[in-house]
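Q: Here it is: the structure, laid out below.
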Amino acid sequence: MMKKWLKQTKNEKGLTLVELLAVVVILGIIAAIAVPSIGGIIENSKKDAAISNAQQVISAARLYAAGGGDTVGDDDGIVNASEISDYHETITDPWTKDEVETYTVTFEGTDLTPEISIEFTECNISEETAQTLSSKSRTEICGD
């Protein structure tokens, strides 16, 4: 009995067309589920990079202010990109990889809390503090 079964299975080689089609269909279903998920992950990481860049600029502005004595920025407390560019790495737009050279940090209030306004291709950060950048979600800051 065993010899007969071994002889029969020895002659069976490869996959049938139905088995092959089943594998292709399963792979197609997995790809249909995975591709949109990966796209969302990439978009979220770009938003996180934009927020991180804004936090980096705020930190640089604080360093600039710490060495600035009594006055910070112009009469309105506004610090432009050219004034603090030595205090941070190059800021790049996560969507285009271009350098972002235009942004402002405004020091307001009695405690001189810095607020940043910076525009990226798909994320406009306007008058956000380091605290709000940390506490708000990426959707609240950058939108959908």
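The values are calculated or read from the model by the stated rules, or taken from the named source; none is laboratory data. Just so you know, these numbers come straight off a predicted model, no measurement behind them. For neighbour counting, all protein chains shown are included, and Cβ atoms are generated from backbone atoms with ideal geometry for every residue, glycine included.
Q: Give Asp111, Asp93, Asp76, Asp48 a once-over and let me know the one that is touching a Phe, Trp or Tyr at 6+ places or on another chain (Cβ under 6 Å) and either within 17 Å of Gly143 (Cβ to Cβ) or exposed (fewer than 12 other Cβ atoms within 10 Å of the Cβ) (or both). Reasoning before the result, please.
A: Numbers: Asp111 fails: touching a Phe, Trp or Tyr at 6+ places or on another chain (Cβ under 6 Å); Asp76 fails: touching a Phe, Trp or Tyr at 6+ places or on another chain (Cβ under 6 Å); Asp48 fails: touching a Phe, Trp or Tyr at 6+ places or on another chain (Cβ under 6 Å).
The unique qualifying residue is Asp93.
Q: With the checklist (1) assigned to a helix (DSSP H, G or I); (2) at pLDDT below 90; (3) in contact with a Leu (Cβ under 9 Å, 6 or more places away or on another chain) in hand, flag the one item Val72 doesn't pass.
A: (1)
Q: Right, another one. Report, by residue number, each residue of the range 90-116 that is in a loop (DSSP other than H, G, I, E, B) and modelled with pLDDT of 90 or more. Steps first, answer last, please.
A: To start, the set of residues in the range 90-116 that are in a loop (DSSP other than H, G, I, E, B) comprises 90-91, 93-98, 100-102, 109-112.
Listed by number, the residues that qualify are Thr90, Ile91, Asp93, Pro94, Trp95, Thr96, Lys97, Asp98, Val100.
Q: Can you run down the residue pairs with Cβ atoms below 7 Å, 6 or more apart or on separate chains, where the first is in the range 118-131 and of a type in the set (S, T, N, Q) and the partner is part of a loop (DSSP other than H, G, I, E, B) and surrounded by fewer than 21 Cβ atoms within 10 Å (Cβ to Cβ)?
A: Going by the 7 Å Cβ cut-off, the qualifying pairs are Thr121/Asp93; Thr121/Trp95; Thr121/Thr96.
Q: Report yes if Tyr87 is of a type in the set (Phe, Trp, Tyr), touching a Leu at 6+ places or on another chain (Cβ under 8 Å) and at negative phi, otherwise no.
A: On the way: of a type in the set (Phe, Trp, Tyr): yes; touching a Leu at 6+ places or on another chain (Cβ under 8 Å): yes; at negative phi: yes.
When the stated conditions are applied, Tyr87 passes them.
Here's the yes/no breakdown for (1) in contact with a helix residue (DSSP H, G or I) (Cβ under 8 Å, 6 or more places away or on another chain); (2) not hydroxyl-bearing (Ser, Thr, Tyr):
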position	(1), (2)
His88	yes, yes
Trp95	yes, yes
Thr104	yes, no
Phe107	yes, yes
Ile118	yes, yes
Thr121	no, no
Ser126	no, no
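Q: Hey, another quick one. Residue check: is Ala65 touching a residue at least 24 places away in the same chain (Cβ under 8 Å) and out of contact with any Leu (no Cβ under 6 Å at 6 or more places or on another chain)? Give the derivation first.
A: On the way: touching a residue at least 24 places away in the same chain (Cβ under 8 Å): yes; out of contact with any Leu (no Cβ under 6 Å at 6 or more places or on another chain): yes.
Yes, satisfied.
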